[in-house]
Structures are given as C-alpha cells and as structure tokens.
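Heads up: the structure comes next, in structure tokens.
The values are calculated or read from the model by the stated rules, or taken from the named source; none is laboratory data. From a predicted model like this one, the values you see are computed outputs, not experimental measurements. Cβ atoms come from the backbone with ideal geometry, glycine included; neighbour counts cover every protein chain shown. Ligands, DNA and RNA are stripped out before the accessible areas are found, and what is left, the full protein with its side chains, is counted by its heavy atoms. Shrake-Rupley method; radii C 1.70, N 1.55, O 1.52, S 1.80 Å.
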Amino acid sequence: MTTIDSAGSPEPGIPFHVRQGDVLVLGVDAIPDDAKPVTRDRGRVILAYGEVTGHAHAIAARDATLLELDGERYLRVTAPVTLDHEEHATIELPPGSFRVVIQREYVPSELPEQAWRRVVD
C-alpha cells in the first residue's frame with residue numbers, strides 16, 4: 001500500500017500525484033463548479049475498467065465522488081479512501097480534489113485522430 005501524507009504529497013513542494021497502472025490521479029486546486037457526478041457502479045466509484053480483464057480501478061468508500069465535465073474526470077475525496085485494483089497495489093488517497101487521467105499511447109496512423117489510444121491495462 002502506498003500512503004501519502006495528510007498534506008497530499010509524498011514530499012513538501014511537490015504536487016500530489018499517484019499512478020495505479022494506467023490511471024493517474026493528480027491533485028488540483030479545485031474541481032469546476034459545473035462538473036456533474038458520475039453514477040456509481042454497484043456502489044463503487046470506478047475510475048477506469050480494464051479492457052481485457054474487466055478489473056476496475058475502484059473506490060468503495062462513500063467519501064469519494066467522481067465528477068465529469070467535457071470529457072475530463074475529477075475525484076472529490078472528503079476523508080481518506082483506498083483505491084483498489086485486482087492486479088495493482090492498493091493506494092490510500094487523502095482528502096482533496098483530483099483530476100483523473102487515463103494513460104494513452106501513440107501508435108502511428110494515417111489519420112491523426114486515430115494515433116492516440118488508451119493504454120490497455
């Protein structure tokens with residue numbers, strides 16, 4: 001388990017960030033006011049599903065809310081929660097506001113819009 005201090009950073013002066021497989025969680029100052037809550041799946045906040053295994057990067061605690069605005073995802077955490085995945089180490093997230101980024105990879109293509117794709121976890 002990776003634990004981050006209560007200030008949200010492993011080291012003073014470095015912004016909070018943590019990665020679990022292809023999911024990156026970045027600390028942000030604020031979540032846009034017009035971001036809308038994303039429905040939980042079987043009671044869990046799902047940051048991402050594995051496309052091959054069906055496993056999920058998930059938070060079961062009620063202290064987390066996933067929000068979305070214009071294709072960007074944000075996470076609001078009001079008390080410490082754990083981010084779980086069947087194939088990765090559990091990560092404890094501190095209270096705060098975060099942006100959720102899914103890793104992409106570049107694959108050369110004749111069509112530029114098809115050159116970037118989500119990394120398959």
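Computed quantities for the displayed model
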quantity	calculated
Selection within the range 53-94 - of a type in the set (D, E, K, R) and outside any strand (DSSP E or B)	Arg62, Asp63, Asp70, Glu86, Glu87
Per-region count, the range 95-106, residues outside any loop (DSSP other than H, G, I, E, B) and either without any contact (Cβ under 8 Å) to a residue 12 or more places away in the chain or open to solvent by less than 70 Å² (accessible area, probe 1.4 Å) (or both)	8
Cross-chain or 6+ apart pairs with Cβ under 7 Å, the range 63-86 first and closer than 16 Å to Asp34 by Cβ, then modelled with pLDDT of 95 or more and of a type in the set (S, T, N, Q)	Tyr74/Ser97; Arg76/Thr65; Arg76/Ser97
